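I have placed the structure first, in the form of structure tokens, so that the comments after it can refer back to it.
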Amino acid sequence: MAQKKIVVVGAGVAGLTTALLLSRTERYQVTVVAKHMPGDYDIEYASPWAGANFMPVSVRNTPAAEWDKNTWPPLEDLARNQPESGVWFQGTEIHNRKKDLGTATATWFADLLSPDPWFKSLFSDFKEIPKSDLKEGVDNATSFTSVCINTAIYLPWLVSQCLKNGVVFKRAILKHIADAASPGVHHSGQAADLILNCTGLASHKLGGVEDKLMYPARGQIVLVRNEADKMYSISGTDDGSEEVMYIMTRAAGGGTVLGGCYQKGNWESQHDPSLAIRIMKRCVDMCPKLTNGKGIEHLDVVRHGVGLRPCREGGARIEKEKVNGIWVVHNYGHAGAGYQSSYGCAQAAFKLVEEALTDRARL
Ligand code: FAD
């Protein structure tokens, strides 16, 4: 049977994971086309800026919870068996302050902060931390062993896995999603049979998609050489409803990511120095081990960073539709969960590809 020609537009975690799953079957011949590739740092490219960890914020009994649930086994397998992927296990603590109830962060984190979250059963060591072990001001907390992904290793690792399976990578900027089917874009030189749209936040302006439900949630981070003993997150801060606190030490000398903020509708690409100070103070306060009990002047900064989470009202879009007569399968709008939902979303997109191409064969 002739192979179907697929063009994946986008080389962030969504595009690369989807290309990897497609490349594992002989039925598909895959080209990835993107403006930005692993190795680039750009405000239009969210994936390198993520921490990234698996800390589900999805709501029980939703497609998002299903995508997260389906992503845990592959990530756990990578941490256990493939250290070269840059994924490793890390202890995790989630702290909750009752006074944050009803704030934007606590609402976004509702399931994560619960002592009985839907994902509890995924972790054999999930437990509540005794009140006596908590810092003043924290009302309850949970701990479990999750994973942290060093994106500087993991994204190129995904490219390598795809290359091994025959995927071809090309740089290009498309004006319209259907342009991906033009002859010459797919590496065979022929027109593609199907297009995957994995363009993240750019889906709000890409011709043929123009999804006005998309908006950015700006995240600012400080990458430091200091190490934390585990990953930490909390329901809120005293510095405003758009400011958050998280800490994660990446595998293989990747440094420790200190975050952050969740500024909806903010497109600013440059880091705000006063916010950076607040981020560092909050993180050292949560984890004094970072500086051996000393002040933030003992943090050794590698770089400051800003990324835009590709958010979508109503959640990520994993759907198929015909645009200018060609099947397009969408996989975008993953907000702050692109890694922790990556395999689940790519599996869902894969299913839609199979449906669309079978449908096409029948026409
Ligand atoms: P992107 O990574 O933005 O990739 C989009 C791709 O499409 C790029 O290759 C781009 O060049 C290409 N493209 C766009 N338009 C065009 C065009 N017209 N023509 C050609 N190519 C085009 N997620 C987690 O799961 N865990 C975390 O801990 C976490 N922490 C985060 C912290 C921060 C500070 C930020 C900013 C995000 C975080 N995220 C986290 C979210 C995660 O980073 C995103 O959900 C994810 O990276 C989105 O990936 P993507 O592939 O959809 O988009």
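None of the figures in this text is laboratory data; all of them are computed from the coordinates on show. Only a predicted model underlies this, so the values are computations on that prediction, with no experimental measurement involved. Backbone-built Cβ (ideal geometry, glycine too); neighbour counts: all protein chains shown.
Laid out as a table, the results:
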read-out	value
Fluctuation leader among GLU242, GLU93, GLU26 - the chain, Gaussian network, Cα springs under 10 angstrom	GLU26
Across LYS164/LYS212; LYS264/LYS351; LYS98/LYS289; LYS164/LYS322; LYS264/LYS294; LYS98/LYS264, pairs whose alpha-carbon gap is larger than 29 Å	LYS164/LYS212; LYS264/LYS351; LYS164/LYS322; LYS264/LYS294
Restricting the stretch 143-218 to trypsin sites (Lys or Arg not before Pro) in coil, as DSSP defines it, with at most 14 other Cβ within 10 Å	LYS175, LYS205, LYS212
Three-way shape label, the stretch 41-144, alpha-carbon gyration tensor, a/c 1.5	prolate
Extended-chain gain in nm, criterion 0.36 nm per residue less alpha-carbon gap, LYS294 and LYS264	7.5 nm
Spherically averaged projected area in nm², based on the convex hull that wraps the Cα atoms of the stretch 1-92	8.1
Counting DSSP beta bridges with both ends in the chain, the antiparallel % (nearest 5)	65
Nearest 10 degrees, 0 to 90: helix 342-362 Cα axis against the chain principal axis	20
Computed [θ] at 222 nm, deg cm²/dmol, the chain (DSSP H ≥ 4; -39,500 (n - 2.57); rounded to nearest 500)	-7500 deg cm²/dmol
Where GluC sites (Glu not before Pro) fall in DSSP loop in the stretch 313-352, at most 14 other Cβ within 10 Å	GLU313
Debye log10 I(q)/I(0) for the chain, one point scatterer per Cα, at q = 0.06, 0.14 Å⁻¹	-0.22, -1.14
Gained length - HIS176 relative to THR62, 0.36 nm times residue gap less alpha-carbon distance	37.9 nm
Loop-located trypsin sites (Lys or Arg not before Pro) in the stretch 268-313 whose Cβ has at most 14 other Cβ within 10 Å (DSSP)	LYS294
Environment charge at ILE43 (Cβ cut-off 10 Å; Lys +1, Arg +1, Asp -1, Glu -1)	-2
Highest-MSF residue in the chain out of ASN61, ASN226, ASN70 [GNM, Cα springs under 10 Å]	ASN61
Tail weight of P(r) past 17 Å, computed on alpha-carbon pairs of the stretch 142-182, percent	59
Theoretical FRET efficiency, 1/(1+(r/R0)^6), r = Cβ-Cβ of THR107 and GLU44, R0 35 Å, to 0.05	0.80
Difference of contour (0.36 nm per residue) and Cα-Cα distance, ALA191 to SER160	8.7 nm
Tensor-based shape of the stretch 146-296 (alpha-carbon gyration tensor, a/c under 1.5 rounded, otherwise prolate or oblate)	oblate
